[in-house]
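Comments concern the structure below.
The values are calculated or read from the model by the stated rules, or taken from the named source; none is laboratory data. Nothing here was measured: the structure is a model prediction, and the numbers come from that model. Note that each Cβ is placed from the backbone with ideal geometry, even for glycine, and that neighbours are counted across all protein chains shown.
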Amino acid sequence: KMYYKRIKTRLPKYRKLFENAALRYDIPWTLLASIAYQESHWNPRAKSFTGVRGIMMLTKSTAKMLGVKNRIDPKQSIVGGTRHIKQMIKFVPDEVKGENRLKFALAAYNVGMGHIEDARKLAKRLGFNQNIWSDLKQVLPLLSKKKYYKTLKHGYARGEEPVKYVESIYDYRNILEKSLEEPNIDKDN
């Protein structure tokens, strides 16, 4: 798989940046690296049709808010993306506990906190538990259906995306952490 190859070829160039940001913001570096892989495949020059750029794929407005002047500078992008995920975790309502908080925050990093708030309201309306990911991920795809999004504050969203996004990041993180346990990976690089 390409991911295994990139763990050996691309990740070493950025690992120290992830580790430093992780220490500074108290977020596991393997999580940060997994977000960045999902966002850009560890390509600091990555660009999307939506206008997001850099290794952590920040929008212009988010970058500006986070003090990131150059989105394609890996260090600035990683620090900015880390600060952003930290903010998302803080913005998740207090009723959302444990691992659910991180999953809600990751989904918000992808689709925006407004759409997560909408999904929570819709979950409650439909009889789901608005505070657990296993329920919210069933509701998020409904944000792309007019019947539902027309009743919500933030409107339409590609609700399938944050569900796949969160699952992919968890998969990447598990693979990365397992590969670090293998003796063929140099842990000091």
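Residues in segment 99-111 that are farther than 15 Å from P28 by Cβ and of a type in the set (G, A, S): 2 in all. Among all residues of segment 97-113, there is at least one that is of a type in the set (D, E), assigned to a helix (DSSP H, G or I) and under 18 Å from I132 (Cβ atoms). Out of all the residues in segment 170-188, is one or more touching a residue at least 60 places away in the same chain (Cβ under 8 Å) and either over 27 Å from M56 (Cα atoms) or β-branched (V, I, T) (or both)? The answer is yes; a qualifying residue exists.
Restricting L126, L152, L122 to those that are modelled with pLDDT of 95 or more, over 18 Å from the mean Cα position of the chain (by Cα), surrounded by fewer than 19 Cβ atoms within 10 Å (Cβ to Cβ) and among the hydrophobic types (A, V, I, L, M, F, W, C) reduces the list to L126. Inspection of segment 168-175 finds no residue satisfying the criterion of being outside the structural domain of W29 (by TED's automatic domain parsing), assigned to a loop (DSSP other than H, G, I, E, B) and within 18 Å of V52 (Cβ to Cβ). Please specify each residue of segment 11-52 satisfying the condition of being at pLDDT below 95 and hydroxyl-bearing (S, T, Y). If the condition is that a residue be at pLDDT below 95 and hydroxyl-bearing (S, T, Y), then S48, T50 are the ones that fit. Of the candidates T9, T30, the single residue that is surrounded by 15 or more Cβ atoms within 10 Å (Cβ to Cβ) and among the polar types (S, T, N, Q) is T30.
Comparison of A46, A63, A33, A105 shows that the only residue that is in the same structural domain as D135 (by TED's automatic domain parsing), small (G, A, S) and either over 30 Å from Q138 (Cβ atoms) or in contact with a helix residue (DSSP H, G or I) (Cβ under 6 Å, 6 or more places away or on another chain) (or both) is A105.
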